[in-house]
Amino acid sequence: MFRVLQWIHGLQGGAGALACMVGRELDRRGIATALAYADETGPETWGTAYRSQSEIERCQFLHRRCSSNVVLRDFVQEFSPTHVIVHAWRPDEAVCARVHPDAPHVCWCHTASLAGLSGYDGYLFVCQAQISAVPAPTDLSQCRVIRNGIDLRAVSRVRRRRRTDSTFRITRVSGLAHSKVSDLYVDVLESVAGIGTEISIAGTGPGRDWLAAELSARNIPGVVWLGNLDFGGVVRLYRSSDLCLYLTGEHTENHSLALIEAFACGVPVICENRGGLPEQVEQWRTGVVCNSFDEIVEAVHLLRADSDLLRSMSRQCRRHALRYDIRYTVDDFLRFLSTSTPVGTGKGFLRHPQRAHA
């Protein structure tokens, strides 16, 4: 049997949430699993929208904060894993630092690219766009795309809130790092705001003050600041929202959990044509992928004016979300660990230690 140990620096944000959800699903299946993390919050400069301490509190399997390399190595030795999974989103994680002498080490890469990526026995990416950015000399035969998922069981009975007024509610769920807020986002809000429009912004981070100052300077009405939300808060927000406006500035998103949650709650998404987001959105079925300011503004106005189209897209969003169940993510993950010849390499680089000499 597998004994899977996951390692991540910070729990907040999508990567931390995914690590917790993968661990919980492995635990449900009776697979020995453990989660080691350095910090509960992650770097303050990144910002976050949700996924605070509540995520780790829901984990009933073995987990431990490892504040130093010594503590981490002791924890790894105690657990004795068959596989070590490093959720990488920091530049210093590009090169594998082995914490167990025998277990294969797999990099689960959450960033747009990690320059100098090397030393791991296998690589997992969350979207196809990342593969095209994999730096040499990484062997592409060692790479596999496994898309993110969420626990759809937690939102399966969520129902759209019945309208009691004509307010059109636009939502953003995203960390407010400097790289995730932009003039484009403010320009779009200025163009679509007005009577009958409410703009809800969930998230914190160092870019919040700049964003708040810009919105105030332009007298943009109807803005509601929500701060960090736990999973239940995100679901309640989406339940009463009409549209998710997901513009992330200079930051490149690869496979956003916020979009999956929006789909699961029946909320269409408008996003930019960058990173892995176009792989998540079905054009004019579950959202709109836009190439310019004019396209974004036009899409918002069209969806606000056409309630039949909005309802149709909402229904399609729910169906679309079914493919992003965390159970499918873990199915793919376990197949990846089980295969002796992943992606046709013939090398068996992830062969289970107990089967290596079979």
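The values are calculated or read from the model by the stated rules, or taken from the named source; none is laboratory data. Computed from a predicted structure; not experimentally measured. Neighbour counts are summed over all protein chains in view; Cβ atoms, including those assigned to glycine, are modelled from backbone coordinates with ideal geometry.
The table below lists the values:
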| quantity | calculated |
| --- | --- |
| Helices (runs of 4 or more DSSP H) wholly inside the range 37-147 that include at least 2 residues being at pLDDT 90 or above | 69-79 |
| Which numbered condition Glu279 misses (of (1) outside any loop (DSSP other than H, G, I, E, B); (2) closer than 17 Å to Glu190 by Cα) | (2) |
| Qualifying residue in the range 207-217 (condition: over 24 Å from the mean Cα position of the chain (by Cα), touching a residue at least 60 places away in the same chain (Cβ under 8 Å) and surrounded by 15 or more Cβ atoms within 10 Å (Cβ to Cβ)) | no |
| Which listed residue, of Thr204, Thr197, is crowded, with 16+ Cβ neighbours inside 10 Å and under 22 Å from His255 (Cα atoms) | Thr204 |
| Filtered residues of the range 234-255 (kept if touching a residue at least 24 places away in the same chain (Cβ under 8 Å) and assigned to a helix (DSSP H, G or I)) | Val234, Val235, Leu237, Tyr238, Arg239 |
| Condition met for Ile260 (in contact with a strand residue (DSSP E or B) (Cβ under 9 Å, 6 or more places away or on another chain), farther than 20 Å from Ala112 by Cα and not polar (S, T, N, Q)) | no |
| Residue tally, condition surrounded by 21 or more Cβ atoms within 10 Å (Cβ to Cβ), touching a helix residue (DSSP H, G or I) at 6+ places or on another chain (Cβ under 7 Å) and in a helix (DSSP H, G or I), over the range 286-319 | 4 |
